[in-house]
Amino acid sequence: IIDDAIIAAVDDGARIIQFSLSCGETYAINAALQYAKSNGVIVVCASGNESVSSLPFPAKDTTVIAVGAINQQYQKAEFSNYGSNLRLVAPGVDIYGLDLSSTPWLYTTASGTSFAAPQVSGVIALMISENPHLTRDEIITIIETTAQKVGGYSYTMQVGHPNGTWNNKMGYGLVDAYAAVQAAK
């Protein structure tokens, strides 16, 4: 189902695909992720909530933008997975939303990387709305180079991370909507 969904989204003209899930790695899903990449589509994935130093599939795939969660003090959220394929972080603790199980609907808070990753997808959508001619690689470079170095972590140049200084718990840092959209112009 996941590989078919990726292919259908690409074929229907999607520019961004958002995943807040993990699953077993298969040849079909890998091929679908490559299909998305070869068609200029960006796949954004939540990094997972097990507080381990490795990312689940598909977040661990090098073709996707894996997003971890931070708390209000700009520190890695205690539950957020991290590791060598983490690209960015976004707020993921006590995020406001609607509790659809209540009648009438009430505001509630929830936490997880599934709340962080859509913020990165939203920033990418803003970038595309500002400049629809940006390529997939240009978008990735911009969003990674404009990220804020937060949390007091040590960010260093790393092999395999060409877009500036990086940290295994924070990736390139906190997504910066304003700076990314300005650079997209």
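The values are calculated or read from the model by the stated rules, or taken from the named source; none is laboratory data. Fair warning: this is a prediction, and the values are worked out from it, not measured in the lab. Counting neighbours? That spans all protein chains shown, and the Cβs are built from the backbone with ideal geometry, glycine included. Just the protein is used for accessible areas: all its heavy atoms, side chains included, with ligands, DNA and RNA removed. Shrake-Rupley method; radii C 1.70, N 1.55, O 1.52, S 1.80 Å.
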Working carefully through the options G48, G83, find the one that is out of contact with any strand residue (DSSP E or B) (no Cβ under 8 Å at 6 or more places or on another chain) and either buried (at least 24 other Cβ atoms within 10 Å of the Cβ) or not in a loop (DSSP other than H, G, I, E, B) (or both).
G48
Would you check which residues across segment 11-31 are open to solvent by less than 60 Å² (accessible area, probe 1.4 Å), over 19 Å from L55 (Cα atoms) and within 18 Å of the chain's Cα centre (by Cα) and list them?
A14, I16
Spot the failing condition for V120; the list is (1) closer than 26 Å to P56 by Cα; (2) free of Cβ contacts under 8 Å to residues at least 24 places away in the same chain; (3) assigned to a helix (DSSP H, G or I), and only one is missed.
(2)
Would you check which residues across segment 51-79 are among the hydrophobic types (A, V, I, L, M, F, W, C), closer than 30 Å to V10 by Cβ and either open to solvent by 60 Å² or more (accessible area, probe 1.4 Å) or not in a loop (DSSP other than H, G, I, E, B) (or both) and list them?
I65, A66, V67, A69
Which ones in segment 32-45 are open to solvent by less than 70 Å² (accessible area, probe 1.4 Å) and in contact (Cβ under 8 Å) with a residue 60 or more places away in the chain?
G40, V41, I42, V44, C45
Could you go through segment 142-149 and let me know if any residue there is more than 25 Å from A36 (Cβ to Cβ), of a type outside the set (S, T, N, Q) and open to solvent by 60 Å² or more (accessible area, probe 1.4 Å).
yes
Exactly one of (1) assigned to a loop (DSSP other than H, G, I, E, B); (2) in contact with an Asp or Glu (Cβ under 8 Å, 6 or more places away or on another chain); (3) more than 26 Å from Q158 (Cβ to Cβ) is unmet by C23. Its number?
(2)
Residue that is most open to solvent (accessible area, probe 1.4 Å), among those in segment 87-117 that are over 20 Å from K149 (Cα atoms), among the small types (G, A, S) and not in a helix (DSSP H, G or I)
S101
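Conditions tested, residue by residue: (1) surrounded by 15 or more Cβ atoms within 10 Å (Cβ to Cβ); (2) within 20 Å of D61 (Cα to Cα); (3) without any contact (Cβ under 8 Å) to a residue 24 or more places away in the chain.
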position	(1), (2), (3)
D137	no, yes, yes
I140	yes, yes, no
S154	no, no, yes
G160	no, yes, no
K169	yes, yes, no
V175	yes, yes, no
K185	no, no, no
